[in-house]
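Student: Encoded as structure tokens, here's the structure I'll be asking about.
The values are calculated or read from the model by the stated rules, or taken from the named source; none is laboratory data. All values reported here derive from a predicted model rather than from experimental measurement. Positions of Cβ are generated from backbone atoms using ideal geometry, with glycine treated the same way; all protein chains shown enter the neighbour counts.
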């Protein structure tokens with residue numbers, strides 16, 4: 001790789017690092033080509049990108065970004081999974097893949113500008129997705145209104161039942 005290609009690679013990587021809401025750094029020693037292909041497919045399905053990087057280029061590109069702490073002092077084959085969307089779905093996809101492929105290991109991560117540990121990546125994967133959280137929030141907002149309508153309807157229904165029973169018992173007869 002010549003100097004111009006190196007500079008272009010660093011610029012592209014820096015741009016990705018700045019745009020991403022979440023990134024997970026991983027190692028892949030011992031993975032086969034078919035396993036790598038399957039991993040890339042799962043990352044794409046989760047709305048992310050998977051890229052093998054040189055450690056020194058990643059460290060240089062990360063200077064001045066929130067990912068600098070996660071990309072310092074890397075050793076061995078390294079890949080970065082980026083997402084500009086929901087970091088939870090990326091963490092879920094990678095964690096599910098790591099369970100079935102022990103050659104794939106986590107090294108570090110950054111979510112919303114904050115460095116996260118390997119344990120926090122696993123915890124992130126157990127969270128509900130953004131859509132599920134929005135649905136739960138909307139249910140909680142809607143629940144009091146539903147209860148109010150139910151109570152209001154019950155009063156009218158109970159009144160109708162009492163009047164009906166009084167009519168049947170001839171309580172309104174003169």
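Student: Quick check, is residue 172 over 30 Å from residue 33 (Cα atoms) and surrounded by 10 or more Cβ atoms within 10 Å (Cβ to Cβ)?
Tutor: no
Student: Which of (1) free of Cβ contacts under 8 Å to residues at least 40 places away in the same chain; (2) in contact with a strand residue (DSSP E or B) (Cβ under 8 Å, 6 or more places away or on another chain) is the odd one out, the single condition residue 137 does not satisfy?
Tutor: (2)
Student: Still on this model: Pick out the one residue from 22, 27 that is over 24 Å from residue 129 (Cβ atoms), touching a strand residue (DSSP E or B) at 6+ places or on another chain (Cβ under 6 Å), modelled with pLDDT of 85 or more and surrounded by 16 or more Cβ atoms within 10 Å (Cβ to Cβ).
Tutor: Step by step, each of 22, 27 is checked, and only 27 is over 24 Å from residue 129 (Cβ atoms), touching a strand residue (DSSP E or B) at 6+ places or on another chain (Cβ under 6 Å), modelled with pLDDT of 85 or more and surrounded by 16 or more Cβ atoms within 10 Å (Cβ to Cβ).
Student: Within segment 1-29, how many residues turn out to be touching a residue at least 40 places away in the same chain (Cβ under 8 Å) and in a loop (DSSP other than H, G, I, E, B)?
Tutor: 4
Student: Any chance segment 97-107 includes a residue that's in contact with a helix residue (DSSP H, G or I) (Cβ under 8 Å, 6 or more places away or on another chain), surrounded by fewer than 13 Cβ atoms within 10 Å (Cβ to Cβ) and touching a residue at least 12 places away in the same chain (Cβ under 8 Å)?
Tutor: For segment 97-107, residues in contact with a helix residue (DSSP H, G or I) (Cβ under 8 Å, 6 or more places away or on another chain), surrounded by fewer than 13 Cβ atoms within 10 Å (Cβ to Cβ) and touching a residue at least 12 places away in the same chain (Cβ under 8 Å): absent.
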